[in-house]
Structures are given as C-alpha cells and as structure tokens.
Amino acid sequence: MKKWKAEVWFGLVFLIFSLTFFIQSLTLSYSGADGLGPGFFPLWLSGILIFLSLCYIYNTFKSEESQSEPMPRGTELKNIVFVLASLLIYLGVVPLLGFVLSSTIFLFALLYRYYRWHLNIGISVGASLFLFWIFAKVLSVTLPVNEFGW
Amino acid sequence: MKKLVMLSLLILSLILGGCSQTQTASSENNEGQANSDFPKKPIQLIVPYASGSSTEMIARVLAKGAEKYIPNGQSVVVVNKPGGAATIGATEVHGAKPDGYTLGMLTVSQLSLQPLFGKTVFTHDSFQPILKATVVPQFLTVKSDAPWKTFEEWLEYVKKNPNKFTYATVGAGSTVHISMEALNAAANIKTKAVHFESGGETVTAVLGGHTQGASLLPQTAKEYVKSGDFRILANLGSYKPEGHEDIPLLKEKGLDAEVDVFTGVVAPKGLPKDIQKVIHDAFKQALEDPEVQKQLKEIDVDPKYAGPEEFQKEITESYNEYGEILKNIGLIQ
Amino acid sequence: MESLSLLLHGFESALSLTNVIYCVIGVSIGMLVGILPGLGPVSGTALLIPVTFGLEPVTAIIMLSGIYYGSMYGGTITSVLINTPGESASVITCIDGHQLAKQGRAGTALGVAAIGSFVGGIVAVLGLTFLGPLLAQFGTRFGPPEYFTLMLLGLLMLVGLMGKSLIRGLIAAIFGLTLSLIGMDPASGAIRFTFGQPELLGGIDFTVLAIGLFGISEILSNAGNPTKMEKPAKIQGLLPKREELLPTSMSIGRGTVLGFLIGLIPGSNAAISSLMSYSLEKKRAKDPSRFGNGAIEGVAGPETANNAHSGASLIPLFTLGLPSSPTIAVILGAFIVHGLTPGPALFTSNPDFIWAIIASMFIGNLVLLIFNLPLAGVWAKVALIPYQLLFPILLLVCCVGTYTINNSLWDVGIMVLFGIIGYFMKKFDFPIAATVLTFVLGAQLETSLIQSLAISQNGILTLFLRPISGTLSVLCILILILSIFSAMKKKRSYLVSDVEV
C-alpha cells in the first residue's frame, strides 16, 4: 500500500500542472489569422497531458508491485531537505552578504559533517575564492557582491 | 543534530545579512543628499539585450564617449540584462533608485511598444528620459528576382492581390511588424506578416524564397543588395540615412507612414534635476564627439539628439500611434 | 583547386605566433566555459567579446570561434562526469556517457568523444573549404514547412528511444513541449502562462531547465543516499575494447555525415543532429538494449554529429551571412564590432580573413584533440573525488552558472524547482532527456507550423507539396505506421497499459 502512494502523488502533480495550463489556454484564442492561434498548441498539449496523467495514476493504482523506489524517508529525506534548505537560505543571503562570504558559509554547512572544522574552513574559503576569481575576474561575470565588492 | 546547528548558523547569517543591508541603505541615503559631487562611483548603463546586439554596441560606444565628460573621472559600465522579451532590463531600470547610478539604454520597443501589451510594470511615461541618442529607419526589401522593380509596381501588385504578399518580421508587435502595418494602413493595402524570431531568420526566409519580402535595417539590406540578392523598394522611416539617398521615403510617394527605431538613455523617475543635468550634458557631449559619431556610422546608426522633454514627447506620440495600429490589426484590445 | 591555395595562404596567417596563442587560449577558455554548467557556448562567446576589443579582427574571431568549438567539447565532459549537459547538443550524451562513467569508463567515453569530435570537426571544415558556397544554397531551401517536418521527425525518433515505459516517456515528452510554450508567443505576441511574472516573458531558459532537471536532481538523489557516495568506480582504459573498435568508428562515420548535412540548414539546432544520430545508432545496433546502459556508440555517434554540425553551421555564416545558431549570432555580432560586415559578400570581399579563420579551425581542432586525449584520463579521475566533497561545490557551480545567464537569482530559483521535479522524475523512471529535448524542439515546432500556414497558399497541404518537406512528411508517416504496426504485432496494448517498449 505504501509503495504506490508516492507515484500517485507525482501523477497528481502532473495532473494539476496540466489542468492549470488547460484552463489558462482556454483564455487564449484557438484560431488565428492563418488557422492556428496562440491557444491551439497549449490546449491540445495540456489536454493530452491530462489524459496521460490520468492513465498513469490509474496504472499505478492497478499494478500491485511497483518497480520504482518508495518516497524518500528517514535519513534520506533529512539529507535532501537539508540540502534544499541550505540552498534556499543561500539564495536569500547572497544578495546581502555578497558571493564570497555566503558561498563560504554555504559550503561550510554542507561539508560540516564530513570534515573537521579547520580543514572545512580551508576548503570552503578556498573554493569560494577560486570560483569568484574564475567567474568575476577571468570571465568578468557580474556576481552578486556586498558593498566591499566581493 | 549537527544539521540543526548548521541550519541555525545559516539563519543567523541571514539575519546578519539583513543588518548589513540596513546599513547600506542608510549610507546611500546620505549620499543622496549631497548631490554636488555626483558621481562618486561608476554609473551602470543597463542594456536589455544580450551581448552582440546592436543596442549593446550603441551603448558601449556612447558609454566610452561619455566617460570623457563625466565629472570626477568616474566610468560608465555597460551591463547586459537580457531576457523577458527585452523587458527584464527595462523593469530593472524602472525599479532602481533614482540616484543617477543606474541608467538604461532603451529602444522604442521597451519605451513605446511593450507597454501597449499591458504586461509590463512600466509604461511609456514611467521613466525619466535623459536624451534620445540614435535612430535608424527600415527598408522594405524584396528578392532581386522579384517581378517588382519599383515601389509603384509593387504597390499596384499588392492593391490587386490583397493578402498575397508575405513579409518576414522578427515577431508580432516588433518594430519591423509595426512599420509594415503602418504602410498597410496608409496605403489601404493588405500584406501578410510571417513572424520569425531574429533578423537572421528573416533574411533566410527571403533568400530561400519562403516569404516575398522583409523590412530590414539598412546595414543588413545594404550587404545583400551589394551581393545582388536583394532589392530595396522603399524607406519606411522618416529620413534618408547617408549613402541611401536614392531610396524613396513613403512620404515622397504620398503616403503618411513613417516608423523609426530610436534608442535613448533613460533613468528611473524622480531623478534630481542637478544629477539629470550632469548625465545629460556628458552624454550630449559624447554624441557630438567626432570619434563617437564615426563609430556609430560604422555600425550604421545615425546620432540624433533630442532633449528630455522632446524625447518624452516622441515616446508618447509613438506610443499612441502604434497603439492605434496594433488595435486595428487586433493584436491588442 | 583555387580554394587549396587560398587555404594554404590562410594557414600562413593563422600560424603566426599571436594567432596560434590566441587560438589555444580560445579553445582552453571554451573548454573551461563548457565545463562550468550554465556557461554554454552562447554566454561564453558573449562574455568574451569585450576582451577581444583590443585585438586584430582576425585574432579576435579566431579566439571567439575557438571558444565556440572548445565549449562544445567541454559540455561533453560534464555530461559524462556529472550527468549535466552544458548545452542542448550534449543532452543525448548524458544517457550513455554517464552510464559509462559509472562503470569506470569515463575515460573511454571522453576519449571516443574527443576523437569523434575531431573527425566531425575536420570533415566539416573540409566541406566548408571545398564545397562551401555550393552547399549553402541547399540550406536556404529549408523554409518553415521543412523545419516543421524535420522537428516532427526528430520527435518521432525520440518516442523510439523512450526507456521502459511508453506512458512515462510520453508524459515526460509532452511535459517538455508544454514548458516550451511559456512566454511571449512570437507568432501572435500573446503572452502565455507567465502567471504575471515578467521573468517568464521570454520563456524558461534551456540551461536553467537542463541544469535543474539533470544536474541538481542528480546531486539531490546522490546526497539523499549516502551509500552511493562512498564507492567511486575503478577507472578502466581510455580506449574502447577491441570488439568495440569497428562499431565505434562506424558510428563516427555516420555521425559525421548526419551532423554535417543537418548543420547546413540555417537555424537548425545541434540537438536534432545528436538526437537523430543516437536513434540511428540504436536502430543499427545488433543489441539495442545496450543503449541506455553504457553503449559506446551512443556517445561516439552523437558527439561526432554535433561537432560536424557546429562546423557545418559556419557554412551558411561565411557564405550567406546567416547565423545558424545563437552562438553563431554572437560571433556575427563580433564581426560587426571588429568592423567587418557579415553578409554574402564576406567571402569575396575579405578572403584573407575568412581563410585564416578556416585554417585556424584545423589548428584549433587539432589542439583540442591533443589536449583531450591525455586530459580524458585526468578528467576521469574527477570521478574519484569523494562525492561528499564534490557535491557542495557542484551545487555552488550550478548556482553561479545559472545566475550568469541573465544575472538573475530568479533563474536560480527556477533551476532549484526543476531540480526537485527532476529528482522525482528520476525516482519514478521518467526519461528526463525526453523532457529536455522536446523543450528544445517544441518552440520551433509550433512557430514553424504557424509560419508554414502563413506562407502557404493551400493550407496544411503545403507540407506535402514541397519536395523536401513532402519527403520528410512521408518519412514521418511511415515511421508512425511501422511503429504502430510492430506494436500491434507484438500484441501489446500500446497506450493504456504500462509495458516495456
């Protein structure tokens, strides 16, 4: 019972996605000056996707055994949530602290479990500075920086 | 547990970041009050197109020229902010602080056309225009083996055969599209637009005989005329650029239609008058610089100055005029 | 043999010390740019145009073209090692290339890709040298109807490549097509599915989608599963096994021809070349089931094809002044910056210039080969870096790379979102490559159909009445009938039930 649940949820995500697009495409004109309007492709594609997601959900309900892995849980879930959370916080922090400082903190956080802190600081600072050098100096890309310019 | 520690560390850094931001804001406020020594740091000139675009080249030429005349030896840095159908960069200028350190190099497309579609946060009068810098007309071009030798012959054909003549554009509602639709309205004819996504694609379409014509920038049209592939029938703009005096303007043919592609420097609304003057003067002097004029000629655009008020007037006029055209062809309500 | 003497003259100029140095610099920066996810050939060349301002025009263009083909190769490295395609042409390479890397054969995959790229690149340059103007005419005959049928053919081939389950494959493919509709519709100016976000007006950037679905999802699934982190596969030799030699060289040959022909068409995407080559190889293989589990032909064919393609795409540029890809368009911009007007007259008005660049491409391709054969082994060792150290840095590089596309954090957020979607797609066996490839082809599919109808005097029939598109349409219908027929023969219900295809 537990196994198919995850797949059904994922099928539902596609269903909601396609339903949203389907409803939105009804507001676009279906035919245009030369036959096809901006609504033609969206309507058909999202319509087909609705049908396919329903098939998929039906199938996963029907089939007893599932070849794929179950939803992440336990350590796996924790790890993924941790990585994602760090990533989102990083994105929030970077415009304020600048690239080098926030990247260092980001790397330090992700490496914390595997390396002792002094080694970790070395790696984090080194990698951040190196990337900053490559992107900002060698390739002259504009990176988000703090008021000191890094 | 360790992860928890790390997460809280990250959150702490977020809070720290917040503090440092308030500091930044207050220090910049102080800066805003003392305007006399503007500028104190490099000025950003945002271009809403990618590197290699002609707008970017105009911006680079002007920025380099203006650096000579900007006080305090500060520089003008060109920043490309492409994306969002060239509206992202304009949106950024619109939302920037009106302190003179963020300017935009925008074209008729962002200033008059995009707002008409009603999906942008800015409209034709949401910016503080500084000056109009360059203009360029477009040419109605057909393949050289087309049956029409002159504009009159072509006009006669399209009058007799409505909706038969196809031309390539760089997108619905683009300046290329507008210029042909203006001609359609003025001459009371019907031609059919086929929308592509880039200038290169439109040239391909005409070369391969997939569409019968296109409206092209002088620089592009010139090359293919030289190679014997294309023939230019008319100039859809308001003036004759150097070297193209023999191409008739529509108004010489008794048709009231002219569309130019203009590019100019704008700032966010609310820019203090004294700062506006500093920037305006520097760019105006740059525009009059012979070296800058020579470089602009090389990329086939014509320097054409208009001051802030006049520039705004032109933007508003074209906004209204193009709005009419787009309404007539049903692209907007 | 006039071209030959002109070419030799070109070599004289290209072999000057400055030009060789800048060629090597260009190729190296290109590889660097290709390896950094997010910085593809387009942004790579665009970013470095200002650097070339001070250089002689010839030197500048030599360096920029070096960046172009160097980054095409660099993109392969990331596809193989970390399953993240740097540009659309390398999406297909991920499928078997990364499997090979997992088996410890990253070196082989990279070595074969280097050789294939070299062969494809050189043949394309030879074609440019001797047949350029002749072939260019062929390219312009591709109008909207021809594009449409070519895209359709590509999509049909994709269906043939879908992994275990047709229904998952179709969902993935249609998902990609639907995503490609986001943004301003070029045909009508209508704004679709932007949910009020100005950032979405121009649609989702390919790189954002590819890094999210491939790169971030890979990192998430590995990070989620610590046991996967601790055992890097042992490195095996750089060369293909003896029994693989013949099939591999055949794939390289076929890939060259295919990529070259498709590359001649202005505006055709290199992804089409590599996709068609992959599906051709799979069709020709004795045991097609190896594909997707580390078949060396699945790397050799497409990698050769996309390099032949990018070489051939310079033919319409030099002979007609037509940019055939976004990168080429940037190089075109650089021509103008350096006072050269691109156009059909370029070949005749500046022969020295053009021939020097063509000659430099021989040199550049050779430099790439010399760099990459020994480097393939070095790169393969990247797989030995403990994943716990590698993944945070990769994550960071993906973020920066995505940020640089439009200098926007919004894009990075979208990338993370697609990373999560990709994670689940991977978990539930949805073919990610199908989503990314249909995304690339989708936008062109729609616009070319609408354009076809606009230029047509007899509606949809135009697709069958024009010689090239007619042939392609018939081919599409044949493939469709054949695959339905074979499915019926196998007595498998094709759509409803979830079966192996």
| request: Taking C:LYS427 as meeting all but one of (1) within 10 Å of chain A (Cβ to nearest Cβ); (2) within 24 Å of the chain's Cα centre (by Cα), write down the number of the exception. | output: (2)
| remark: Checked the stretch B:205-228 for anything facing another protein chain (nearest Cβ under 7 Å), farther than 24 Å from B:LYS240 by Cβ and part of a loop (DSSP other than H, G, I, E, B); matches are B:GLY208, B:HIS210, B:THR211
| said: Looking at C:VAL299 and the list (1) aliphatic (A, V, I, L, M); (2) closer than 15 Å to C:PRO266 by Cβ; (3) under 19 Å from the mean Cα position of the chain (by Cα), which single condition is not satisfied? | reply: (2)
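Determine whether the stretch C:420-438 contains at least one residue that is closer than 30 Å to B:TYR49 by Cβ, out of contact with any Lys or Arg (no Cβ under 6 Å at 6 or more places or on another chain) and among the hydrophobic types (A, V, I, L, M, F, W, C).
Yes - at least one qualifying residue is present in the stretch C:420-438.
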| query | Of the residues that make up the stretch B:61-69, is at least one of a type in the set (Ser, Thr, Tyr), surrounded by fewer than 21 Cβ atoms within 10 Å (Cβ to Cβ) and assigned by TED's automatic domain parsing to the domain that holds B:LEU113? | reply | yes
| task | List every residue pair whose Cβ atoms sit under 6 Å apart, with the two residues 6 or more apart in sequence or on different chains, where the first one lies in the stretch C:59-85 and is at pLDDT 85 or above and the second, anywhere, is among the hydroxyl-bearing types (Ser, Thr, Tyr) and outside any helix (DSSP H, G or I). | result | C:THR78/C:THR84
| field | Criterion violated by C:ARG105 - all others in (1) touching a residue at least 60 places away in the same chain (Cβ under 8 Å); (2) farther than 18 Å from C:LEU317 by Cα; (3) surrounded by fewer than 24 Cβ atoms within 10 Å (Cβ to Cβ) satisfied | value | (3)
| task | Please state which one of A:PHE51, A:PHE99 is among the aromatic types (Phe, Trp, Tyr), within 22 Å of C:PHE175 (Cβ to Cβ) and modelled with pLDDT of 90 or more. | result | A:PHE51
| For the stretch B:311-333, which residues satisfy the criterion of being under 19 Å from B:LEU183 (Cβ atoms) and not hydrophobic (A, V, I, L, M, F, W, C)? | B:GLU317, B:SER318, B:ASN320, B:GLU321, B:TYR322, B:GLY323, B:GLU324, B:LYS327, B:ASN328, B:GLY330
| What number of residues within the stretch C:246-278 satisfy the criterion of being aromatic (Phe, Trp, Tyr) and under 21 Å from C:TYR68 (Cα atoms)? | 1
| Which residues, taken from the stretch A:110-150, are more than 25 Å from C:ASN407 (Cβ to Cβ) and either outside any helix (DSSP H, G or I) or within 14 Å of chain B (Cβ to nearest Cβ) (or both)? | A:LEU111, A:TYR112, A:ARG113, A:TYR114, A:TYR115, A:ARG116, A:TRP117, A:ASN120, A:ILE121
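Which residues, taken from the stretch A:109-131, are in contact with a Leu (Cβ under 9 Å, 6 or more places away or on another chain) and under 21 Å from C:GLY401 (Cβ atoms)? Lay out the reasoning, then the answer.
Here is the first cut: in the stretch A:109-131, the residues in contact with a Leu (Cβ under 9 Å, 6 or more places away or on another chain) are A:109-112, A:114-115, A:119-120, A:123-125, A:127-128, A:131.
Within the stretch A:109-131, A:ALA109, A:LEU110, A:LEU111, A:ILE123, A:SER124, A:VAL125, A:ALA127, A:SER128, A:LEU131 qualify.
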| request: Take the residues in the stretch C:225-251 that are surrounded by 17 or more Cβ atoms within 10 Å (Cβ to Cβ) and touching a Ser or Thr at 6+ places or on another chain (Cβ under 8 Å), then tell me which one is modelled with the lowest pLDDT. | output: C:LEU238
| In the stretch C:37-62, what count of residues is obtained for those that are assigned to a loop (DSSP other than H, G, I, E, B) and either of a type in the set (S, T, N, Q) or surrounded by fewer than 24 Cβ atoms within 10 Å (Cβ to Cβ) (or both)? | 3
| So B:SER8, is it at pLDDT 50 or above, farther than 30 Å from C:SER325 by Cα, out of contact with any Cys (no Cβ under 9 Å at 6 or more places or on another chain) and not assigned by TED's automatic domain parsing to the domain that holds B:LYS97 | yes
| Which of the following residues is surrounded by fewer than 24 Cβ atoms within 10 Å (Cβ to Cβ), within 13 Å of chain B (Cβ to nearest Cβ) and under 22 Å from the mean Cα position of the chain (by Cα): C:PRO316, C:PRO344, C:PRO326? | C:PRO326
| request: Go through the stretch B:134-184 and give me each residue that's within 13 Å of chain C (Cβ to nearest Cβ) and part of a loop (DSSP other than H, G, I, E, B). | output: B:SER144, B:ASN161, B:ASN163, B:LYS164, B:PHE165, B:VAL170, B:GLY171, B:ALA172, B:GLY173, B:SER174
| query | Only one of these conditions is not met by B:ASN35: (1) over 30 Å from C:PRO50 (Cβ atoms); (2) modelled with pLDDT under 50; (3) within 31 Å of the chain's Cα centre (by Cα). Which number is it? | reply | (2)
| Does C:LEU200 satisfy being within 14 Å of chain B (Cβ to nearest Cβ), over 20 Å from the mean Cα position of the chain (by Cα) and among the aliphatic types (A, V, I, L, M)? | yes
| remark: Flagged pairs (Cβ under 6 angstrom, 6 or more apart or on separate chains; first in the stretch A:10-35, more than 25 Å from C:PHE424 (Cβ to Cβ) and at the interface with chain C (Cβ under 8 Å from one of its Cβ atoms); second among the small types (Gly, Ala, Ser) and surrounded by 13 or more Cβ atoms within 10 Å (Cβ to Cβ)) are A:LEU28/A:GLY39; A:LEU28/C:ALA190; A:SER29/A:GLY37; A:SER29/A:GLY39; A:GLY32/C:SER188; A:ASP34/C:ALA454
| field | Flag for C:ILE331 being hydrophobic (A, V, I, L, M, F, W, C), at pLDDT 80 or above, buried (at least 23 other Cβ atoms within 10 Å of the Cβ) and part of a helix (DSSP H, G or I) | value | yes
| note | Within the stretch B:185-204, residues part of a helix (DSSP H, G or I), surrounded by 18 or more Cβ atoms within 10 Å (Cβ to Cβ) and more than 7 Å from chain C (Cβ to nearest Cβ) come out as B:ALA187, B:GLY199, B:THR202
| request: Kindly list the number of the only condition in (1) out of contact with any helix residue (DSSP H, G or I) (no Cβ under 6 Å at 6 or more places or on another chain); (2) farther than 16 Å from C:LEU220 by Cα that fails for C:LEU390. | output: (2)
| said: Given the criterion in a helix (DSSP H, G or I) and either in contact (Cβ under 8 Å) with a residue 40 or more places away in the chain or not hydrophobic (A, V, I, L, M, F, W, C) (or both), identify the matching residue among C:LEU177, C:LEU126. | reply: C:LEU177
| request: From (1) touching a Gly at 6+ places or on another chain (Cβ under 8 Å); (2) over 13 Å from B:VAL265 (Cα atoms), pick out the condition that doesn't hold for B:THR123. | output: (1)
| task | Could you tell me whether any residue of the stretch C:205-217 is part of a helix (DSSP H, G or I), crowded, with 23+ Cβ neighbours inside 10 Å and either aromatic (Phe, Trp, Tyr) or on the phi > 0 side of the Ramachandran plot (or both)? | result | yes
| task | Scan the stretch C:39-58 for residues that are more than 14 Å from chain B (Cβ to nearest Cβ) and not charged (D, E, K, R) and jot them down. | result | C:LEU55, C:VAL58
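The values are calculated or read from the model by the stated rules, or taken from the named source; none is laboratory data. Owing to the predicted nature of the structure, the values given are computational and were not obtained by experimental measurement. Note that each Cβ is placed from the backbone with ideal geometry, even for glycine, and that neighbours are counted across all protein chains shown.
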